[in-house]
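Quick notes on the structure that follows.
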Amino acid sequence: MRIVVTGGAGDLGSRVVRRLEAGGHQAVSASRRSGVDLATGAGLDAALVGADAVVHCADDPSQQDTVTVYGTRRLADAAAARGVHLVHISIVGIDDHPMAYYRRKLRAEQGIADAGGPASVLRATQFHSLAAFFARSLTKGPVTFTVGDMAFQPVDTDFVAARLAELATGPRPAAYQRARDLAGPEVLPLVELARLVRAHRGASAPRALHVPPVGRLLRAFAESRNVPAPGTADLGGHTFAEWLATQPPRLTGR
Ligand SMILES: NC(=O)c1ccc[n+]([C@@H]2O[C@H](COP(=O)([O-])OP(=O)(O)OC[C@H]3O[C@@H](n4cnc5c(N)ncnc54)[C@H](OP(=O)(O)O)[C@@H]3O)[C@@H](O)[C@H]2O)c1
C-alpha cells in the first residue's frame, strides 16, 4: 500500500514510516521539508494522489490553532474528497480537560468527524519522553511539586506507531471511527516518575510537596483525567523504566 505520513520526519511519524516500510509498504513523508505545509495547504493535494491512507503525525503546538485545528481540518477535507483513509493521533482524556492544547486536539477530532470521510482516530496517553519532561519540569532540586492524584500512564512511542501502522494498513472504515485508546502498562504517580528519572542520573529520591489544586488545570491533573479509566484502553509496549534504561543519564527535550 502507498501510505502518506504527515510529519514523517518527526518523533512519532518517523517510527510510523519505519514500521510501514518494514511491513513492505510504501511510506511517503509529507511535511514542510518535503514541500507540504498544512498551515497553507501547499503541496497537500499532490501528496495524496494515489494514496491508500494518510497517517497524520504532523503538528506544531506553538502555532496554536493553525496546524493542530485548521491544518488537520484541511487534511481531513482533502482526504475525504479523495476517499483516502485518514488515521489520526490524538490524546487520551481530552473530552473534559482545560489544557489549551488538549482542547485544540478535541477540536481537531471534531473537524475530522465533520469532514465526513473514512477516518480512524487513535487516542494515546503521554509518551515516555513527555512524562519524563513533566517529571523534570515539576522537580526543583530534591523537591517534586504535585497535586492530588497527579499521575501518568506513559506509553512507548513505538507501540503507538505500530498501532497507527496497523490501522492504516487494515480495513478502511466506512466513516469516522474511534479506535480503542492506547496506554502504557502502568500508572505512575508523578512523584514515582520523578524518583525514577532522578535515580537514572544517580540522584536521590525527591521529596513530594503537595500543592493545592487551585484552578481548572491543576484540578484536572489532580483528578488524573489524563489517565484512562480502568478497562478502557489497550495496554502494552515497554514500561517507563525499560524506556529510561535506553536513555542517556541526562535527559533533554520532551
Ligand atoms: N508527545 C506525546 O506525549 C503525545 C501523546 C499523544 C499524542 N501525541 C501526538 O503525536 C503527534 C506527533 O507528535 P511528535 O512528538 O512526533 O511531533 P514532532 O516530533 O514535533 O513532529 C511533528 C512534525 O510535524 C511537522 N510539521 C510541523 N508543522 C507543519 C506544517 N505546518 N505542515 C506540515 N508539517 C508540519 C514537522 O516537520 P517539518 O518541520 O518538516 O514540517 C515535524 O516533523 C502530535 O499530533 C501529538 O499531539 C503526542
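Once the range 52-77 is narrowed to residues that are in a loop (DSSP other than H, G, I, E, B) and surrounded by fewer than 20 Cβ atoms within 10 Å (Cβ to Cβ), the residue that is nearest to the ligand (Cβ to nearest atom) is Asp60.
Tell me which residues, restricted to the range 101-131, are among the β-branched types (Val, Ile, Thr) and within 23 Å of Leu190 (Cα to Cα). Quick ask: steps written out before the conclusion?
Kept after step one, since they are among the β-branched types (Val, Ile, Thr), are these residues of the range 101-131: 112, 121, 125.
Scanning the range 101-131 gives a single hit, Thr125.
Which residue, of Leu44, Leu38, is open to solvent by less than 50 Å² (accessible area, probe 1.4 Å), within 24 Å of Phe127 (Cβ to Cβ) and in contact (Cβ under 8 Å) with a residue 12 or more places away in the chain? When all the criteria are applied, what remains is Leu38.
Number of residues in the range 89-138 that are open to solvent by 30 Å² or more (accessible area, probe 1.4 Å), closer than 15 Å to Arg178 by Cβ and part of a loop (DSSP other than H, G, I, E, B): the value is 0.
Just to be sure, is Ala22 within 10 Å of the ligand (Cβ to nearest atom), of a type in the set (A, V, I, L, M), over 15 Å from Leu86 (Cα atoms) and open to solvent by 20 Å² or more (accessible area, probe 1.4 Å)? Criteria not met by Ala22. So which residues in the range 81-90 are without any contact (Cβ under 8 Å) to a residue 40 or more places away in the chain and either farther than 18 Å from Val5 by Cβ or within 15 Å of the chain's Cα centre (by Cα) (or both), if there are any at all? Hits for the range 81-90 are Ala81, Gly83, His88, Ser90.
Taken residue by residue, the range 17-40 has at least one member that is among the acidic types (Asp, Glu), assigned to a helix (DSSP H, G or I) and farther than 16 Å from Ile112 by Cα. Just checking, does the range 153-165 include any residue being away from the ligand (no atom under 16 Å from the Cβ) and either over 16 Å from Gln126 (Cα atoms) or without any contact (Cβ under 8 Å) to a residue 60 or more places away in the chain (or both)? No, there is no match, as no residue in the range 153-165 is away from the ligand (no atom under 16 Å from the Cβ) and either over 16 Å from Gln126 (Cα atoms) or without any contact (Cβ under 8 Å) to a residue 60 or more places away in the chain (or both).
Consider Ala220 carefully, then state whether it is closer than 18 Å to Gln126 by Cα and without any contact (Cβ under 8 Å) to a residue 60 or more places away in the chain.
Working: closer than 18 Å to Gln126 by Cα: yes; without any contact (Cβ under 8 Å) to a residue 60 or more places away in the chain: no.
In short, no.
The values are calculated or read from the model by the stated rules, or taken from the named source; none is laboratory data. Quick caveat: nothing in here was measured; it's all calculated off a predicted structure. Glycine gets a Cβ as well: all are built from the backbone with ideal geometry, and neighbour counts include every protein chain shown. Quick note on the areas: whole protein, heavy atoms, side chains included, nothing else; ligands and nucleic acids left out. Shrake-Rupley method; radii C 1.70, N 1.55, O 1.52, S 1.80 Å.
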